[in-house]
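**Q** For reference, the structure I am asking about is given below.
The values are calculated or read from the model by the stated rules, or taken from the named source; none is laboratory data. All values derive from a computational prediction rather than experimental measurement. Counting neighbours? That spans all protein chains shown, and the Cβs are built from the backbone with ideal geometry, glycine included. Keep in mind that these areas ignore ligands, DNA and RNA; they rest on the heavy atoms of the full protein, side chains included. Shrake-Rupley method; radii C 1.70, N 1.55, O 1.52, S 1.80 Å.
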Amino acid sequence: MSLPDLSTLTIAAIRDLISTLGGIDDTLINALEADPRSGVKNLALRERKRRRAEAAEHARLEKMLILERKLHAKGIRRIAGVDEAGRGPLAGPVVAAAVILPQDALIPGLNDSKALSPERRETLFDRIHEVGLAVAVGRADPAEIDRLNILQATYLAMRRALEGLSLPPDRVMVDGKGLPESPYPEIAVVDGDATSLSIAAASIVAKVTRDRQMVEYDRQYPVYGFAGHKGYGSPDHLRALRKHGPCLIHRRSFAGVANLSPDRSEDFRIFAEGIAQAADLSQLKAIGRSIADAREALPQDEVEALRKRYAQQQTALSRTGRRGEDIAAKDLVRKGYRILARGYRTARGEIDIVVQKGNTLAFVEVKTATSPHFGPPEARVTPEKQRQVARVARAYLQYHAFPACTPRFDVMAIRLSRDGHSIQHIEGAFRVESG
């Protein structure tokens, strides 16, 4: 490279030159160090530090590939690293990930997830998905943790992660003591997330996936602060447990949950569970009516506690429902439907969306879900709900004449997640006999 005359350049211009080159060779570094200006010498010093840091990082990554390269030398090509996140928290699932990286893949900064900032984990999460040959996640929910114990639930999540891989691994490397009933040959690696790049990649995917899910749960159960502590036993979390008791995603088999729950009646626990499990406003209203019928038999402090939980769940479900209906409406318009009404209400109930396309008049019931634990949202359109929709549809047709149209009952299932949403439009989802 032909060196410019550095004495004619300002320090800012030299800095821009280095940035443009994306790095400099020894000749230019020597020239910078020979410049009499201290600011130019500092640029050279910074560049040498950057080089040393890059060399150290490369050496660290090479060291974390020793195990994989030993297997590659034996002809073993596809190596899946497996790790988990969430064994210790009082709430939420345990999440495992399985990652198969290309041979000799060096991803700068890849390390044990516990040694990284949340921002760095997010960046590496995306990079692992870009580079990885196969990436999959498995979960065990709180109910499975309570039923199996945390160790067996962790093994279950790991097996599910392996089952989800798009490529079958030739060998599995597991952080810790191994994976019973693994369908593949495996190696247990103590401190694997700090000594193997494949396991470190899995630790990041598992950690980021679980953290994102706990942020989603924070929207459903805001009094516990899940977005901050991710379900671990922080002082704020323990105080919330003492005050409100456990919610649906708490691990009731954990002593920290059982010991800190308020001394509540069995009726209270049943009603609180019903509020937490209400998947839409109609279900929430039903449990509200049951609470109203029993309020005289409940202590006043329990009535107040249930009222607060009801209001919080009502707000969360209303917000979720509106978002789902907005998504459904946009999707219908995109498909060529004309929206005639939204939230059409009579004394007999409500229809979410009424649309027309050609000779078809569709009455659309929208069900929205933010969690997989309550089953598919379309399953919540029960026979009773179908009859209610049909009654409102008949009332709508009494006031709006559509002689050439054939009425149809549709269901749209909207699944929301941090990464976006999915839509399932079930045309002619049900039929209702007249009468």
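**Q** Does the stretch 280-302 contain at least one residue that is surrounded by 14 or more Cβ atoms within 10 Å (Cβ to Cβ), in contact with a helix residue (DSSP H, G or I) (Cβ under 6 Å, 6 or more places away or on another chain), without any contact (Cβ under 8 Å) to a residue 60 or more places away in the chain and acidic (Asp, Glu)?
**A** Checked the stretch 280-302: at least one residue is surrounded by 14 or more Cβ atoms within 10 Å (Cβ to Cβ), in contact with a helix residue (DSSP H, G or I) (Cβ under 6 Å, 6 or more places away or on another chain), without any contact (Cβ under 8 Å) to a residue 60 or more places away in the chain and acidic (Asp, Glu).
**Q** Somewhere in the stretch 333-346, is a residue aromatic (Phe, Trp, Tyr), touching a residue at least 12 places away in the same chain (Cβ under 8 Å), open to solvent by 30 Å² or more (accessible area, probe 1.4 Å) and under 26 Å from residue 276 (Cα atoms)? Reasoning before the result, please.
**A** Step one: filter the stretch 333-346 for residues aromatic (Phe, Trp, Tyr), giving 337, 344.
Filter again for touching a residue at least 12 places away in the same chain (Cβ under 8 Å), leaving 337, 344.
From the residues that got through so far, the ones that are open to solvent by 30 Å² or more (accessible area, probe 1.4 Å) too are 344.
Remaining after also requiring under 26 Å from residue 276 (Cα atoms): none.
No, the stretch 333-346 has no match at all.
**Q** Within the stretch 414-435, can you find the residues that are modelled with pLDDT of 85 or more, assigned to a strand (DSSP E or B) and in contact with a helix residue (DSSP H, G or I) (Cβ under 8 Å, 6 or more places away or on another chain)? Before the answer, list the steps.
**A** Residues of the stretch 414-435 that are modelled with pLDDT of 85 or more, as a first pass: 414-415, 421-430.
After this cut, where a residue has to be assigned to a strand (DSSP E or B) as well, the list is 414-415, 421-426.
Answer for the stretch 414-435, where residues must be modelled with pLDDT of 85 or more, assigned to a strand (DSSP E or B) and in contact with a helix residue (DSSP H, G or I) (Cβ under 8 Å, 6 or more places away or on another chain): 414, 415, 421, 423, 424, 425, 426.
**Q** Yes or no: the stretch 367-377 includes at least one residue that is modelled with pLDDT under 80, in contact with a strand residue (DSSP E or B) (Cβ under 9 Å, 6 or more places away or on another chain), basic (Lys, Arg) and crowded, with 19+ Cβ neighbours inside 10 Å.
**A** No, the conditions are met nowhere in the stretch 367-377.
**Q** While we're looking at this one, here's another question. Could you look through the stretch 112-136, keep only residues that are touching a residue at least 40 places away in the same chain (Cβ under 8 Å) and part of a strand (DSSP E or B), and pick out the one that is nearest to residue 168 (Cα to Cα)?
**A** Going through the qualifying residues, I end up with 134.
**Q** Of the conditions (1) farther than 14 Å from residue 85 by Cβ; (2) open to solvent by less than 40 Å² (accessible area, probe 1.4 Å), residue 219 clears all except one; give me its number.
**A** Residue 219 satisfies every listed condition except (2).
**Q** Tally time: how many residues in the stretch 150-197 are modelled with pLDDT under 90 and not in a strand (DSSP E or B)?
**A** Of the residues in that region, 18 qualify.
**Q** Which of the numbered conditions does residue 108 fail, given that it passes all the others? Conditions: (1) part of a helix (DSSP H, G or I); (2) in contact (Cβ under 8 Å) with a residue 12 or more places away in the chain.
**A** Failing condition for residue 108: (1).
**Q** Quick one: in the stretch 141-185, which of the residues that are polar (S, T, N, Q) and open to solvent by 60 Å² or more (accessible area, probe 1.4 Å) is farthest from residue 249 (Cα to Cα)?
**A** 166
**Q** Is there any pair linking a residue in the stretch 225-244 that is in contact (Cβ under 8 Å) with a residue 12 or more places away in the chain to one that is polar (S, T, N, Q), with Cβ under 7 Å and at least six apart or on different chains, and which?
**A** 241/261
**Q** Hey, another quick one. In the list 322, 269, 307, 239, which residue meets the criterion of being at pLDDT below 80, part of a helix (DSSP H, G or I) and surrounded by fewer than 19 Cβ atoms within 10 Å (Cβ to Cβ)?
**A** Going through 322, 269, 307, 239 in turn, the sole match is 269.
**Q** I'm checking my understanding of the structure. Among residues of the stretch 378-404 that are surrounded by fewer than 16 Cβ atoms within 10 Å (Cβ to Cβ) and not in a helix (DSSP H, G or I), which one is modelled with the highest pLDDT?
**A** Of everything passing the filter in the stretch 378-404, 400 is modelled with the highest pLDDT.
Table: residues versus (1) touching a Leu at 6+ places or on another chain (Cβ under 9 Å); (2) farther than 27 Å from residue 161 by Cβ.
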residue	(1), (2)
214	no, no
240	no, yes
244	no, yes
253	no, no
271	yes, yes
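**Q** Are there any pairs, at least 6 apart or on different chains, whose C-beta atoms fall under 7 Å, with the first in the stretch 137-160 and within 16 Å of residue 97 (Cα to Cα) and the second open to solvent by 50 Å² or more (accessible area, probe 1.4 Å) and of a type outside the set (Lys, Arg), and if so, which?
**A** 141/373; 155/180; 156/148; 159/181
**Q** Does at least one position in the stretch 203-215 carry a residue that is more than 20 Å from residue 416 (Cα to Cα), open to solvent by 10 Å² or more (accessible area, probe 1.4 Å) and among the small types (Gly, Ala, Ser)?
**A** No: the stretch 203-215 contains no residue that is more than 20 Å from residue 416 (Cα to Cα), open to solvent by 10 Å² or more (accessible area, probe 1.4 Å) and among the small types (Gly, Ala, Ser).
**Q** Taking residue 257 as meeting all but one of (1) out of contact with any Phe, Trp or Tyr (no Cβ under 9 Å at 6 or more places or on another chain); (2) farther than 22 Å from residue 319 by Cβ; (3) at pLDDT 90 or above; (4) open to solvent by less than 30 Å² (accessible area, probe 1.4 Å), write down the number of the exception.
**A** (3) is the only condition that residue 257 fails.
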